[in-house]
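A short reminder: the numbers here are calculations on the coordinates, not readings from a lab. It should be emphasised that the depicted structure is a prediction, and the values quoted were computed from it without experimental measurement. Counting neighbours? That spans all protein chains shown, and the Cβs are built from the backbone with ideal geometry, glycine included.
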Amino acid sequence: MSEADEVRRTLHAYCRLLDERNLAELVQRVYTADAVDDRKRGAPLSGPAEIRGYFARSFEHVTATAHILSNVDVDVSGSRATAYSRVTAYHWMIGSDPGRPADFVLLGSYDDDLSRTPDGWRISRRVVGALGPTGLAAGVLPDVFAGFGGTDPFHNLTLTD
């Protein structure tokens, strides 16, 4: 397996472990100990504890997700790599009918810096971006996700006299 394929495996593991809600393995398997995860919604998350805490708080609102990774472009140079990928992320909110379609779907991008560690490739820096004007592909964006990928949190407001 090539180094680029190993990097892709790490990126796909992020999606799988997040969808499985396995935060302990997510922060251990995917991120470096000094990782930065910039969601462009305030200060970047720094280190596994902050990253895990962010997702744990999200799980207080979201009952399930399905992250589909595509357009993965990887460049490896020695023990460093960069990757750009796109994600389609389906979300089901707590309290919604479990048999219904997703409550909302986000379109985003991941710009990643990765480092080869003794345990394999790990994300050292991730920057999340929104695709399209707001990153929202379907549904209504809940307030808890306002500002996704650095978009204007007031994009859904209609100004009237």
Identified option (computed Cα Rg over 2.2 N^0.38 Å; candidates (1) 1.18; (2) 1.06; (3) 1.01): (2)
For the residue pair F59 and N71, what label-to-label distance in nm results when each label sits 7 Å from Cα along the Cα-to-beta-carbon direction? 3.0
Surrounding net charge for A89, when Lys and Arg each add one and Asp and Glu each subtract one, Cβ distance under 12 Å: -1
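Let me check I've understood the local charge: for R52, count other residues with C-beta under 11 angstrom from its C-beta, Lys and Arg +1, Asp and Glu -1. What total comes out?
Values: positive: R57; negative: E25, D37, E50.
Result for the neighbourhood of R52: -2.
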For E6, project a label point 7 Å along Cα to C-beta. Then give me every residue of segment 52-87 with its amide nitrogen under 17 Å of that point. 74-83
Which residue, A137, A49, A89, tops the fluctuation ranking in a GNM of the chain built on C-alpha contacts under 10 Å? A49
